[in-house]
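What follows is one structure encoded as structure tokens, with my remarks underneath.
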Amino acid sequence: MLELREVKVSYGAVEAVRGVSLIAKPGTTTAILGANGAGKSSLLRTISGVAPLKGGSIFLNNQDVSKIPAEKRARLGLAHAMEGRRLFRQLTVEENLRLAWSFGTQKTPQPAAIEDIYARFPILKEKSAVQAGYLSGGQQQMVILSCATIRDPSFLLLDEPSLGLAPIIVTQIYEFITSYARRSGATVIIAEQMANLALRVSDRGYVLRRGKFVLEGESRKLLADGVANSLSASYL
Ligand SMILES: Nc1ncnc2c1ncn2[C@@H]1O[C@H](COP(=O)(O)OP(=O)(O)OP(=O)(O)O)[C@@H](O)[C@H]1O
Ligand SMILES: [Mg+2]
């Protein structure tokens, strides 16, 4: 379980996150929705420990990790797929996957874990010996997601997995995320501007506006209420 209590993030005078609280349970997916600059990335970054926590506290399975460095949170089972396609560009697809696996729980033997990824993203098998830096944006996003999930995390943070991708690729990426969330039992948090997309795959949704949650609820209900459509007008 992931719990945030009145979490705050600041960059000098800029207050990016101004006191947000949430509880996310294992086996559920939570969508954090918001426009450019709403504070989505800052929130995910402070959960993983990459951005300093200015106030409030963060708990992973009831353990207060607020003062614990990022690498230690990673060892507690937290994986963060950041915005901007972070991967090892000089390493091949397969080398990226092997490296990511080596940082994980290693519950599934490496060859089986890699074959599982290739079965879900066949294009990655075709490109297994290609340096990741030469892949298309969509293929790089597949590698990033694969690297995050092959570690078998208990907490998976995904920052705008659909960003800049063609609709067909977005569909594949989201199918992968949905399938992973269902079978893994992990606590999954997705930050997205594409509200409809994220609400369709999540259990609960939170709308972040200028660093505060302005709306929250069951994703199904938020969708039914047409929140995604009204977001651009009133909340984003
Ligand atoms: N390293 C930084 N230094 C100073 N200000 C920052 C930094 N990172 C983010 N900010 C500011 O904090 C606020 C929230 O930014 P953040 O990147 O968290 O938003 P976001 O919701 O992820 O937006 P986007 O959808 O564009 O990725 C913005 O006003 C942004 O300019
Ligand atoms: Mg962002």
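The values are calculated or read from the model by the stated rules, or taken from the named source; none is laboratory data. This one's a predicted model, so the numbers in the text were calculated from it and none came from an experiment. Using ideal geometry, Cβ is built from the backbone for each residue, glycine included, and neighbour counts are taken over all protein chains shown.
A few notes on this one:
- Exactly one residue out of ALA148, ALA113, ALA129 is away from ligand 1 (no atom under 16 Å from the Cβ), in contact with a strand residue (DSSP E or B) (Cβ under 7 Å, 6 or more places away or on another chain), among the aliphatic types (A, V, I, L, M) and part of a helix (DSSP H, G or I), and it is ALA148.
- Put simply, of ALA198, ALA191, ALA181, ALA228 the only residue that is within 15 Å of ligand 1 (Cβ to nearest atom), touching a helix residue (DSSP H, G or I) at 6+ places or on another chain (Cβ under 9 Å) and part of a helix (DSSP H, G or I) is ALA198.
- Search result, residues across segment 20-40 that are in contact with a helix residue (DSSP H, G or I) (Cβ under 6 Å, 6 or more places away or on another chain) and either in a loop (DSSP other than H, G, I, E, B) or near ligand 1 (Cβ under 8 Å from one of its atoms) (or both): GLY34
- Test for LYS72: is it in contact with a Lys or Arg (Cβ under 9 Å, 6 or more places away or on another chain) and surrounded by fewer than 22 Cβ atoms within 10 Å (Cβ to Cβ): no
- Candidates are the residues of segment 77-110 that are among the charged types (D, E, K, R) and assigned to a loop (DSSP other than H, G, I, E, B); the one that is farthest from ligand 2 (Cβ to nearest atom) is LYS107.
This table checks each residue for (1) modelled with pLDDT under 95; (2) over 11 Å from the mean Cα position of the chain (by Cα); (3) surrounded by fewer than 19 Cβ atoms within 10 Å (Cβ to Cβ).
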position: SER146; (1), (2), (3): no, yes, no
position: LEU158; (1), (2), (3): no, no, no
position: PRO161; (1), (2), (3): yes, no, no
position: TYR174; (1), (2), (3): yes, yes, no
position: ARG183; (1), (2), (3): yes, yes, yes
position: ILE190; (1), (2), (3): no, no, no
